[in-house]
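The values are calculated or read from the model by the stated rules, or taken from the named source; none is laboratory data. Everything numeric in this text was worked out from a predicted model, so none of it was measured. Using ideal geometry, Cβ is built from the backbone for each residue, glycine included, and neighbour counts are taken over all protein chains shown. All accessible areas refer to the heavy atoms of the entire protein, side chains included, with ligands and DNA or RNA removed. Shrake-Rupley method; radii C 1.70, N 1.55, O 1.52, S 1.80 Å.
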Amino acid sequence: MVCSFVEGFPYAKRLNEQGYSAFVLYYRYRKNVRHPAPMDDLVRVLWDILSRAEELNLDTDRYSIWGSSAEGHLVASFGTEAMGHANYHLPKPSALVLCYPMITMGEKTHPGSRDNLLSKTPDAAMLDFTSVEKQVTPAYPSTFVWCSNADRTVDPENSRMLAGGLEKNGISHRFVEYHGVGLGEWLACEGWFEKTITFWKGRLSDQQGGK
């Protein structure tokens, strides 16, 4: 029901062009779809991909997950132990890539997305539990996060709060503020994709070196 065609497949196509396998997830969203249904969808697809790694010729030890806007909240949540990979007994991704993500369920959230995920009357405990900036621990994956400093849909303070949590917990990360959306051709954010690949490769090198 909700899809931006400047994301998803364009990201996957660019990754393919650089020699990386990529999968695009469609997950349940909007009315009558509550937490943790989107996470269940992500986990179901990831389990399927990992179980077919030999068939698909995949390196499952160094995978990354990417997400933009509301999907950024889903991907960022997957990085937490409470909501994501550890909770579902899945290997931690080598990196997360978050593009102008929704992170918090507090004051700076995107109200419509919060209502869709939690209902219009969520209790305080659930708001805290699903606010990713409150769930970051030293075990969180390496993360590349960027936001549009003129974003009128998702307040850029979301990305800033996450960056603060990553910094506080000593997580390898890169945070950049641009202006733009999607791959950003002809926009100020053009080139973020290549910077992300460089960041991701750096994390892979660290893993190979035992860091």
- What is the one condition in (1) open to solvent by less than 10 Å² (accessible area, probe 1.4 Å); (2) modelled with pLDDT of 95 or more; (3) out of contact with any His (no Cβ under 6 Å at 6 or more places or on another chain) that THR143 does not satisfy? (3)
- Query: Of the residues that sit in region 37-76 and are acidic (Asp, Glu) and open to solvent by 40 Å² or more (accessible area, probe 1.4 Å), which one is nearest to the chain's Cα centre (by Cα)?
  - Reply: GLU71
- Qualifying residues in region 125-140 (those that are within 24 Å of GLY202 (Cβ to Cβ) and of a type in the set (A, V, I, L, M, F, W, C)) - the one surrounded by the most Cβ atoms within 10 Å (Cβ to Cβ): VAL132
- Note on the structure: Restricting attention to region 6-43, the residues that are β-branched (Val, Ile, Thr), part of a loop (DSSP other than H, G, I, E, B) and closer than 24 Å to LEU90 by Cβ number exactly 2
- Message: Quick check on LYS168: is it modelled with pLDDT of 95 or more, out of contact with any strand residue (DSSP E or B) (no Cβ under 7 Å at 6 or more places or on another chain) and more than 12 Å from TYR100 (Cα to Cα)?
- Response: yes
- May I ask you to say which residue of PRO111, PRO122, PRO101 is surrounded by fewer than 21 Cβ atoms within 10 Å (Cβ to Cβ), in contact (Cβ under 8 Å) with a residue 12 or more places away in the chain and either of a type outside the set (Ser, Thr, Tyr) or in contact with a helix residue (DSSP H, G or I) (Cβ under 6 Å, 6 or more places away or on another chain) (or both)? PRO122
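Can you tell me how many residues in region 125-167 are in contact (Cβ under 8 Å) with a residue 40 or more places away in the chain and not hydrophobic (A, V, I, L, M, F, W, C)?
Taking region 125-167 first, the residues in contact (Cβ under 8 Å) with a residue 40 or more places away in the chain are 126, 129-130, 132, 135-137, 139-148, 151, 153-159, 161-162.
Adding the requirement that they be not hydrophobic (A, V, I, L, M, F, W, C) leaves 130, 135, 137, 140-143, 148, 151, 153, 155-159.
Summing the residues that are in contact (Cβ under 8 Å) with a residue 40 or more places away in the chain and not hydrophobic (A, V, I, L, M, F, W, C) in region 125-167 gives 15.
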- Task: Among the residues of region 109-145, count how many are of a type outside the set (Gly, Ala, Ser) and closer than 18 Å to ASN169 by Cβ.
- Result: 14
- Note on the structure: Scanning region 146-162 for residues that are assigned to a helix (DSSP H, G or I) and touching a helix residue (DSSP H, G or I) at 6+ places or on another chain (Cβ under 9 Å), the one most open to solvent (accessible area, probe 1.4 Å) turns out to be MET161
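So which residues in region 88-122 are in a loop (DSSP other than H, G, I, E, B), out of contact with any Lys or Arg (no Cβ under 6 Å at 6 or more places or on another chain) and polar (S, T, N, Q)?
Within region 88-122, the first condition is being in a loop (DSSP other than H, G, I, E, B), and the residues that meet it are 88-94, 100-110, 119-122.
Retained after the next criterion (residues that are out of contact with any Lys or Arg (no Cβ under 6 Å at 6 or more places or on another chain)): 88-93, 100-104, 106-110, 119-122.
Within region 88-122, THR104, THR109, SER119, THR121 meet the criteria.
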- at pLDDT 95 or above and either farther than 18 Å from LEU204 by Cα or touching a His at 6+ places or on another chain (Cβ under 7 Å) (or both), is that true of VAL97? no
